Every structure is written in structure tokens, then in C-alpha cells.
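**Q** Mind looking over this structure? Questions follow.
The values are calculated or read from the model by the stated rules, or taken from the named source; none is laboratory data. Computed from a predicted model, the values in this text were never measured in an experiment. Note that we place each Cβ from the backbone using ideal geometry, even for glycine, and neighbour counts take in every protein chain shown. Please note that ligands, DNA and RNA were not included when accessible areas were found on the heavy atoms of the full protein model with its side chains. Shrake-Rupley method; radii C 1.70, N 1.55, O 1.52, S 1.80 Å.
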Amino acid sequence: MTPRHPSEQLLRRYARGDDDIAADQLWAVESHLETCAPCRGRLAPEPIAATVWADLAPLIDRTPQMPRARAWR
């Protein structure tokens, strides 16, 4: 018996972080991804990372930064 792979549409919704995915579907996708390297590869990490950074960039710009630590002498 071969495992059923998530549809392309479901994987896109999962990658976007859609919050309207049914709990049983979400669990099924996550458990499938744990054991299926080809499906993990279908997620294409570059676009996901680009989306995450695009969402975070404005927040990072507004977040106060810690002062640089002084070098120990």
C-alpha cells in the first residue's frame, strides 16, 4: 500500500499557513511530511523563506536592537 500524498493545493495552503485547514487535514499533512522526503521537497523552502522574511522585515526594522557588546580585553 502506498501512502496518499497531499494535493498541490493543500501543500500550498499549508506552506502559506492558512488557518482554515481542517484539524484532521493539518495533522495528516504534518504526519505525512515527517516520513515523505519528496513531499517535503515539494514545499520548496526558498519561496517559503522569502515569504517569512518579507513578513518579518517591517517588524525587524521597528524592533529596538540590543547595543553591541563590548569586546573583552
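**Q** On the basis of being open to solvent by less than 80 Å² (accessible area, probe 1.4 Å) and modelled with pLDDT of 90 or more, does His5 make the cut?
**A** Numbers: open to solvent by less than 80 Å² (accessible area, probe 1.4 Å): no; modelled with pLDDT of 90 or more: yes.
No, not satisfied.
**Q** (1) modelled with pLDDT of 85 or more; (2) assigned to a helix (DSSP H, G or I); (3) open to solvent by less than 80 Å² (accessible area, probe 1.4 Å); (4) closer than 24 Å to Asp55 by Cα: which one isn't true of Asp18, the others all being true?
**A** (2)
**Q** For Glu30, all conditions in the list (1) open to solvent by less than 60 Å² (accessible area, probe 1.4 Å); (2) in contact with a Phe, Trp or Tyr (Cβ under 9 Å, 6 or more places away or on another chain); (3) modelled with pLDDT of 85 or more hold save one; what is the number of the exception?
**A** Evaluating Glu30 over (1) open to solvent by less than 60 Å² (accessible area, probe 1.4 Å); (2) in contact with a Phe, Trp or Tyr (Cβ under 9 Å, 6 or more places away or on another chain); (3) modelled with pLDDT of 85 or more leaves (1) as the failure.
**Q** Please identify the pairs in which a residue from segment 46-61 that is more than 14 Å from Gly17 (Cα to Cα) has its Cβ atom under 9 Å from the Cβ atom of a residue that is surrounded by 10 or more Cβ atoms within 10 Å (Cβ to Cβ) and modelled with pLDDT of 75 or more, counting only partners at least 6 apart or on another chain.
**A** Between residues of segment 46-61 that are more than 14 Å from Gly17 (Cα to Cα) and residues that are surrounded by 10 or more Cβ atoms within 10 Å (Cβ to Cβ) and modelled with pLDDT of 75 or more, there is no close pair.
**Q** Among the residues of segment 56-73, what is the count of those that are of a type in the set (S, T, N, Q) and open to solvent by less than 100 Å² (accessible area, probe 1.4 Å)? Break it down into steps so the answer makes sense when it comes.
**A** Filtering segment 56-73 for residues of a type in the set (S, T, N, Q) gives 63, 65.
Imposing the further condition that a residue be open to solvent by less than 100 Å² (accessible area, probe 1.4 Å) reduces the set to 63.
Residues meeting the conditions: 1.
**Q** Considering each of Arg12, Arg42 in turn, give the residue that is open to solvent by 100 Å² or more (accessible area, probe 1.4 Å), modelled with pLDDT under 90 and not β-branched (Val, Ile, Thr).
**A** Numbers: Arg42 fails: open to solvent by 100 Å² or more (accessible area, probe 1.4 Å).
The unique qualifying residue is Arg12.
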